[in-house]
1. Could you order the peptides 94-100, 170-176, 341-347 from most to least packed, using the average number of other C-beta atoms within 10 Å per residue?
2. Which angle from 0 to 90°, rounded to the nearest 10, does the C-alpha axis of helix 188-207 make with the longest principal axis of the chain?
3. Mind giving me the nanometre distance, one decimal, between the label points for residue 16 and residue 216, set 7 Å out from Cα along Cα→Cβ?
4. Based on the Cβ-Cβ distance from residue 162 to residue 348, what FRET efficiency comes out when R0 is 22 Å, to the nearest 0.05?
5. Compute the Cα gyration tensor for the stretch 186-383, then decide on rounded, prolate or oblate, letting a ≥ b ≥ c be the square roots of its eigenvalues: rounded whenever a/c is under 1.5, prolate when a/b is larger than b/c in the other cases, and oblate in all that remain.
6. Label residue 37 and residue 122 with points 7 Å out from Cα along Cα→Cβ: what is the distance between them in nm?
7. How much of the DSSP beta bridge set in the stretch 1-131 is antiparallel, as a percent to the nearest 5?
8. What shape does the stretch 274-384 have by the C-alpha gyration tensor, where a ≥ b ≥ c are the square roots of the eigenvalues, rounded means a/c under 1.5, and otherwise prolate means a/b greater than b/c and oblate the rest?
């Protein structure tokens, strides 16, 4: 084996707590870090489902005064982020808890940043632009997909069809609390889409051309795919399968650690315009273009894809084409739409999507093979 001499940096959430029922121990686990006044950021659906009440009860039992912000929506716009930060300031919050899917966690991150620092949101967009400090922060995911609890990234909808990101180590929370019970009963379509999103994180981290691509991320990506590939179909079939839910949640977190340090690439770059233009959920957007991007990448990533096949599916040969085919079979098995036309994307929109994708330079630069506009259009056509 050749020596590893390329320098890299690996950063992640400093404290990770995993276990069924862990949310009921949030007070004992984190009240000291969060301080006496805590804002919980979530959404109305999770409150109605009863998933937020145990966290509030545990925090209050530990002596915290708790306020609740529940206005988070999918693909949160700037106004929601600003409202959450205002709620934190109004409560004089000493700490923030984000409980929910990726949108809730992203809003919680930015609420902690804006309330803690007073900086304008517009000044924080980009890589390393956030000034800080932020308020103490705990994140508890209720889906197994985004890995936001271990990533230094928050995505905000900034216009009718545009998104921008805040990327900063300041957004890594103090604690990630992973409770598989919070994901029990998640509907199969959401389980499928978010699960494939996590698999894409691992695949793109493993093949990333980022200067910070590193052996730690590669090892985490392989283990993430082992867990996710072995559990996603079971979790979709039986929403109460605790073992599958635990494997999904842990796999999603490991994939998040991997891509937080070895960033994602063209799959995400082509997926974002699908969400921005047509409101397609992020995980499904990734699934719709995943295998076509992989086929495009074969000249540069064939060996890497071949290595990932047996990691993800034990009976898959070490062959890139076989791995791609197995991913397509999996997506069909778990009920995901397979073609852009199936989710309402008209053929005459493909040129516009290609234009939008070329604006995702932060992501495209990490792709193992250079993507031009004609390439993006060809990928969309193949996926249509």
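Bear in mind that the values in this text are calculations on the coordinates, not laboratory data. Worth saying up front: this structure is predicted, and the values here are computed from it rather than measured. As a convention, Cβ positions derive from the backbone with ideal geometry for all residues, glycine included, and neighbour counts pool all protein chains shown.
1. 94-100, 170-176, 341-347
2. 70
3. 1.1
4. According to the calculation, E is roughly 0.60.
5. Judged from the Cα gyration tensor, the stretch 186-383 comes out oblate (a/c at least 1.5, b/c at or above a/b).
6. Here the answer is 2.9 nm between the modelled labels.
7. 10
8. Here the stretch 274-384 falls in the oblate category.
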